[in-house]
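Novice: Got a structure for you, written out below as structure tokens; questions coming shortly.
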Amino acid sequence: MYLIVPEKNKELHVPIETEIFHKLEDIKVYHGIKNNTEIIRFLITKEYREIQNKE
């Protein structure tokens with residue numbers, strides 16, 4: 001399976017395992033996120049905030 005992320009007229013194809021795909025779907029449902037692009041933004045922002053709080 002591939003996660004496709006549009007980036008300035010480009011697409012980033014990231015192969016993901018089925019198990020990870022299902023985990024992403026569960027996270028999307030839990031947080032009410034509608035698409036894969038938003039879940040990636042959410043997870044990156046969450047991780048970034050955790051890093052900033054530790055510094």
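All of the numbers you see were taken from the coordinates with simple rules; none came from a lab. Please read these numbers as outputs of a predicted model, since none were measured by experiment. All Cβ positions, glycine included, derive from the backbone under ideal geometry; neighbour counts span all protein chains shown.
Novice: When Lys and Arg each count +1 and Asp and Glu each count -1, what net charge do the other residues less than 13 Å away from HIS31, Cβ to Cβ, add up to?
Specialist: +2
Novice: Hey, rough spin-label estimate for ASP26 and ILE51, points 7 angstrom out along Cα→Cβ, what's it come to in nanometres?
Specialist: The two pseudo-label positions are separated by 2.6 nm.
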